[in-house]
1. What ranking of T271, T66 emerges when the number of other C-beta atoms within 10 Å of each C-beta is taken as an exposure proxy, fewest first?
2. Dipole of the chain, Cα-centred, from +1 at each Lys and Arg C-beta and -1 at each Asp and Glu C-beta, to the nearest 20 debye?
3. For segment 153-275, with only Lys/Arg (+1) and Asp/Glu (-1) charged at the beta-carbon, what is the dipole magnitude about the Cα centre, in debye rounded to 20?
4. Over the C-alpha atoms of the chain, what are the Rg and the largest Cα-to-Cα span, Dmax, in Å?
5. Please name which of L158, G194, T73 has its Cα lying farthest along the dipole of the chain towards the positive end, using unit charges on Cβ (Lys, Arg +1; Asp, Glu -1) and the Cα centre as origin.
6. When the convex hull of the Cα atoms of segment 208-270 is projected onto a plane and the area is averaged over all directions, what value comes out in nm²?
7. Hey, fewest Cβ within 10 Å first, where do H130, H165, H69 land in order?
8. FRET efficiency for E46 and Y121, Cβ-Cβ distance as r, R0 = 22 Å, nearest 0.05?
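Nothing in this text is a laboratory measurement; each read-out follows from the coordinates by a stated rule. Everything numeric in this text was worked out from a predicted model, so none of it was measured. Here the Cβ positions follow ideal geometry from the backbone for every residue, glycine too, while neighbour counts run over all protein chains shown.
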Amino acid sequence: MKKKHTQDLKNDLVKKASSFEEAFFSTGATYIHPTALIGDRVSLGENVKIGPNCIIIGNTTIGDNTKLHANITIGFPAQVLGLTESYGTISIGKNCEIREFVTVHAARAPDGKTVIGNNCYLMNYCHVSHDCVLEDNVTMVNNVQLGGHTHLETHAFLMANAVTHQFCRVGQFTAIAPFGGTRQDVPPFCLFSGQPAAFSGLNLIALKRAGMSSETINSLKHVSKLFYQDKLSLMVIKDLIKKEPLWGSDPKVNSFVIFIEQSTRGVSRKTLLDV
């Protein structure tokens, strides 16, 4: 009798597991696991999946087709001494994959916001601190840690265990290598490694995957060499751009220069060759 009871219990668990897998991975409807906790101010889009033991609170909006896998917490107060409640808003876009044990914190002020764009992939144990902004198509590999007010531009790629200081900005298509750490802004289209992060070339794999032409890539190689290896001032580089339109007229070169011009935290000019 006891053996039969054990087998029945096992069968029930198998059925529940199969039911969860189908609901989470195969159906086209919103699904919330029975162990998840969802706050009153949380708004979910269509076909959103909330996995086991997730806790979502605060003024949080999650877009269509986004998956929160398991043991994820979203909306808890910012990690600021003396702060005891969740402020502002949290917005997570469409088609995002948020994996196990990710944490996303609320803003530190009533008018603040923490934003994750569309098509972002956050892997296990990543932390998105208060007031961070992730634009579309950002990837964070396991255990990436973002300081408050970090801004990741579109297609930024942070590899495992990378970290950012508060208020840092990472440019579009820029990658930070595993265990890299940045305490200043890092311009677009580049690859950085080490602590503090040092320029180690263009993020060629991402640029080619994005379909950028060889002419554009060569133009970016030229302007990044002038800035990082030749250590020319931005004023001199802008004069060269006017005189040499063959590479200087490329819109991506303009984006590189504008990013540096608009940096409020400053841009490190250290390269791996300087270390």
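1. The most exposed by this proxy come first: T271, T66.
2. Here the chain has a charge dipole of around 600 debye.
3. That gives segment 153-275 a dipole magnitude of about 100 debye.
4. Every Cα atom of the chain included, Rg and Dmax give 22.1, 90 Å.
5. It is G194, whose Cα lies furthest towards the positive end.
6. Its average projected convex-hull area is 4.6 nm².
7. Listing H130, H165, H69 from fewest to most nearby Cβ atoms yields H165, H69, H130.
8. Calculated transfer efficiency: 0.65.
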